[in-house]
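FYI, it's all coordinate maths here, none of it is from the lab. Only a predicted model underlies this, so the values are computations on that prediction, with no experimental measurement involved. Every residue, glycine among them, receives a Cβ derived from its backbone with ideal geometry; neighbour counts consider all protein chains shown.
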Amino acid sequence: MRHTFPKAEHLCLQRDIEALFSPGRYSHSAFPLRIVVRPMPYDGSGTRVKVLLSVSKRKLRHAVDRNRVKRQIREGYRLQKNDFIALLPADVALHIAFIWLSDKPENSTFIHKRLLLLLQRTADRFANSSTPPTS
């Protein structure tokens, strides 16, 4: 099993990002991260999960710190992505945003644990829901 995070899995389109932060989304937090999720129907083509990373300049002033945190989040997601996708129903695709909440950088293992917690909560929510996703 390859642990990759290719460009096709990055959420880049402005209309997709605006739709992610519009009504009809699901979010929760596990400090220092917040996850925002928008379910979509999956037709079998393309990627099932697209991810956006957001680290505010207001929270972390130095670009070095912001880049390090983004790298830590990417690494944590990359390692846990395959297990997360396996838990999702076959007809569900997700757009996900990870938003940094802390005012200081954190340890990588701590970030990975919180990221795993958020992904497990998200997978449980969509695995147990009987409502079809909206587009």
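To make sure I understand, if each residue's beta carbon is the centre and we count other beta carbons within 10 Å, what order do His3, His95 fall in, fewest to most?
Details: His3 11, His95 20.
The most exposed by this proxy come first: His3, His95.
Using each residue's phi in region 98-115, evaluate 6.51 cos²θ - 1.76 cosθ + 1.60 at θ = phi - 60° and report the 3J(HN,Hα) Karplus result to the nearest Hz, with x for Gly and Pro.
Those phi angles translate into 9, 10, 7, 10, 7, 8, 9, x, 10, 5, 4, 5, 5, 5, 5, 5, 5, 5 Hz.
Hey, fewest Cβ within 10 Å first, where do His62, His28 land in order? Intermediate values should be presented prior to the final figure.
Details: His62 10, His28 14.
Result, fewest neighbours first: His62, His28.
What residues have an amide H closer than 5 Å to that of Ser27, excluding those fewer than 5 places away on the same chain, when H is modeled at 1.01 Å from N in the peptide plane?
Those lying under 5 Å, H to H, from Ser27 are Val37.
Report the relative contact order of the chain, percent, no decimals, based on alpha-carbon pairs under 8 angstrom and at least 6 residues apart. Please list the in-between numbers first.
Numbers: 192 pairs, mean separation 48.2, N = 135.
So the answer I get is 36 percent.
In region 7-128, what percentage of the DSSP-assigned beta bridges are antiparallel, given to the nearest 5?
Values: 14 of 21 bridges.
Given both bridge residues lie in region 7-128, the antiparallel proportion sits at roughly 65 percent.
Determine Rg/Rh for the chain; Rg is computed over alpha-carbon atoms and Rh is the Kirkwood hydrodynamic estimate from the same atoms. Intermediate results must be reported in sequence, preceding the final value.
Details: Rg = 14.5 Å, Rh = 15.3 Å.
That ratio is 0.95, to two decimals.
Let me spell out the model: positive unit charges on the Cβ of Lys and Arg, negative unit charges on the Cβ of Asp and Glu, origin at the Cα centre of the chain. What dipole size does that give, in debye rounded to 20? Show your work: numbers first, answer last.
Details: 24 positive and 11 negative charges, 130 e Å.
Its charge dipole is roughly 620 debye.
Go through region 14-29 residue by residue and turn each phi into a ³J(HN,Hα) via Karplus (6.51, -1.76, 1.60, θ = phi - 60°); whole Hz please, and just put x for glycine and proline.
Result, ordered by residue: 4, 5, 5, 5, 5, 5, 5, 9, 9, x, x, 10, 10, 8, 7, 10 Hz.
Restricting to lysines 8 or more places apart or on different chains, can you count the pairs in the chain with Cα atoms under 12 Å from each other?
Working: Lys7/Lys50; Lys50/Lys81; Lys57/Lys104; Lys59/Lys104.
Final tally of qualifying lysine pairs is 4.
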